[in-house]
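Here is the structure we will look at, set down as structure tokens.
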Amino acid sequence: MKFLLAVLCFSAAALPRGNEFRIDVVNRGSEKAAGFPVVVLLGPLGAAGDFDAVRITTSSGETFDGQFDDLNNNGKADKEDSVAFLADLQPGDNVFTLVFYKNGVPAPGPGADKAQEISVANETVKVSVHKQKPLLRRFFRRKDGQWQCAAAAFVLEPRMDNSWKWKNTAFRVSAVSEGKVRRVIRCEQIKTGTDNGKTVRIINDLSVFRGRNEILSSFVFVNDSPSQLVQINTVNTGMYQVLPEGNAAGAARFAGTLKGGKTVAGSITSGSFLLRRPDPGQEMWVNVTAGADPSCGFGVVPVDPAKVDNLLARYDAKNGNLRVSALFKPENAVLWPGKSAGFEMWMIPHDGRGDAVKTFAGNAGKIKVEYAK
């Protein structure tokens with residue numbers, strides 16, 4: 001199972017000790033990426049065992065604590081878990097050594113929460129997910145001390161086995177991790193084929209990082225069928241009620257990058273944005289803002305061009321909704337039982353001003369984690 005996060009290609013090589021690993025985060029840009037969120041999955045890293053904490057050392061000898069996330073909350077470290085940290089990434093190679101150990105302090109896991117919604121937040125952004133309504137996943141930004149909704153209606157439309165004949169049979173949501181680096185909500189949805197009885201588990205983790213406006217939305221499709229193959233053809237996902245408090249029907253505008261890196265912009269009510277089949281390695285982003293004097297904005301940055309069929313921003317005058325979404329086509333998506341495939345995207349609520357989305361997409365597109373030499 002191989003994933004790309006923040007256009008980070010996860011890989012690592014083990015050092016002599018079993019709990020010590022090295023990763024090389026390469027910044028191909030010409031400037032430092034300050035406090036950049038890095039997420040490393042333990043599966044591709046090859047790390048597993050009886051530990052619950054990680055300490056990270058830079059090539060210059062600086063040491064700091066990363067965050068170990070027991071994402072499946074099974075009380076042990078395995079291929080489904082991860083490590084997260086924030087790093088200043090200089091141009092070129094940034095080598096980190098990860099040493100795993102047993103801390104002995106139970107990590108915060110899902111608790112009993114009687115509220116209808118579960119939320120995670122930092123100083124500037126918040127994510128809320130309704131426990132019984134899978135499509136009610138909302139993204140907020142803080143404005144004048146209040147939470148302003150930037151996007152309100154989540155959509156997830158997978159086409160599997162070239163068929164739409166799948167039904168939802170279960171939905172669970174919980175706050176699975178909370179630490180100094182990030183807080184994570186996990187949405188786990190079970191779909192069953194109405195014709196063949198196949199079962200697919202869809203995991204959507206939503207991560208809010210300390211001091212960052214960007215929210216990482218990662219997806220994993222797991223074939224839980226006992227003996228049948230499942231093909232993931234395409235997955236349409238994004239938000240269908242963007243800028244609900246920002247007068248999307250008025251002077252909302254869009255901007256984004258097309259093939260070849262060309263940037264386009266315009267009024268969302270008189271046009272739309274569509275990036276089809278992006279070039280390998282190209283920068284990808286779309287941003288919408290509300291009003292002639294914008295006070296609210298929402299951007300989307302898919303991670304891997306190879307997994308994207310199109311990226312879209314469009315206004316539906318009939319329903320009065322602004323849609324920002326992507327159509328993914330995961331690689332290696334013919335899944336044997338127990339196997340999985342996934343993809344990632346960043347969602348960015350912001351104040352509507354400046355080039356926050358474009359700047360982040362530019363940095364993310366130049367940063368990769370590669371095998372240590």
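The values are calculated or read from the model by the stated rules, or taken from the named source; none is laboratory data. All values derive from a computational prediction rather than experimental measurement. Note: ideal-geometry Cβ built from the backbone for every residue, glycine included; neighbour counts use all protein chains shown. These area figures cover heavy atoms from the full protein model, side chains too; ligands, DNA and RNA do not enter into them. Shrake-Rupley method; radii C 1.70, N 1.55, O 1.52, S 1.80 Å.
Ordering S218, L156, A175 by Cα displacement along the dipole of the stretch 143-222 toward the positive end leaves A175 in first place; charges were set at the Cβ atoms of Lys, Arg (+1) and Asp, Glu (-1).
Among G197, L98, S30, pick out the residue whose Cα is farthest towards the positive end of the charge dipole of the chain, where Lys and Arg carry +1 and Asp and Glu carry -1 on C-beta, about the Cα centre. Checking the options against the dipole of the chain, the answer is G197. Pop out the carbon and sulfur fraction of the accessible area of the stretch 94-199 as a percent, whole number, probe 1.4 Å. Carbon plus sulfur share of accessible area: 50 percent. Overall, the chain carries a charge dipole of about 780 debye about its Cα centre when +1 sits on the Cβ of Lys and Arg and -1 on the Cβ of Asp and Glu, all other atoms neutral.
Here R314 sits with roughly 110 square angstrom of accessible surface, probe radius 1.4 Å.
Once the Kirkwood radius over Cα pairs is known for the stretch 191-290, the Stokes-Einstein relation at 37 °C and 0.692 mPa s delivers a diffusion coefficient of 192 µm²/s. Overall, the stretch 332-373 carries a charge dipole of about 160 debye about its Cα centre when +1 sits on the Cβ of Lys and Arg and -1 on the Cβ of Asp and Glu, all other atoms neutral.
Evaluated at q = 0.08, 0.11, 0.12, 0.14 Å⁻¹, the base-10 log of the normalised Debye intensity for the chain, with identical point scatterers placed on the Cα atoms, takes the values -0.39, -0.76, -0.91, -1.27. Accessible area per residue for the stretch 304-373 is 44 Å², calculated with a 1.4 Å probe on protein heavy atoms, without ligands, DNA or RNA. Using all pairs of distinct alpha-carbon atoms, the Kirkwood hydrodynamic radius of the stretch 21-145 works out to 16.9 angstrom.
Net charge dipole, the stretch 198-327: roughly 220 debye, given to the nearest 20, about the Cα centre with Cβ charges of +1 for Lys and Arg and -1 for Asp and Glu. Peptides 336-342, 201-207, 142-148 ranked from most to least packed by the mean count of surrounding Cβ atoms within 10 Å: 201-207, 336-342, 142-148. With the Cα gyration tensor of the stretch 202-245 giving a ≥ b ≥ c as the square roots of its eigenvalues, does the rule (a/c under 1.5 for rounded; else a/b larger than b/c for prolate; else oblate) give rounded, prolate or oblate? In terms of gyration-tensor shape, oblate. Assign one of three labels to the stretch 99-209, namely rounded, prolate or oblate, based on the Cα gyration tensor with a ≥ b ≥ c the square roots of its eigenvalues; rounded applies when a/c is under 1.5, prolate when it is not and a/b is larger than b/c, and oblate otherwise. Oblate, because a/c is 1.5 or more while a/b does not exceed b/c. Please work out whether the stretch 120-165 counts as rounded, prolate or oblate from its C-alpha gyration tensor, where a ≥ b ≥ c are the square roots of the eigenvalues and a/c under 1.5 means rounded, while otherwise a/b larger than b/c means prolate and anything else oblate? Because a/c hits 1.5 or more and a/b exceeds b/c, the stretch 120-165 counts as prolate. Highest mean packing first, where packing is the average number of other Cβ atoms within 10 Å per residue, the peptides 344-355, 229-240 line up as 344-355, 229-240.
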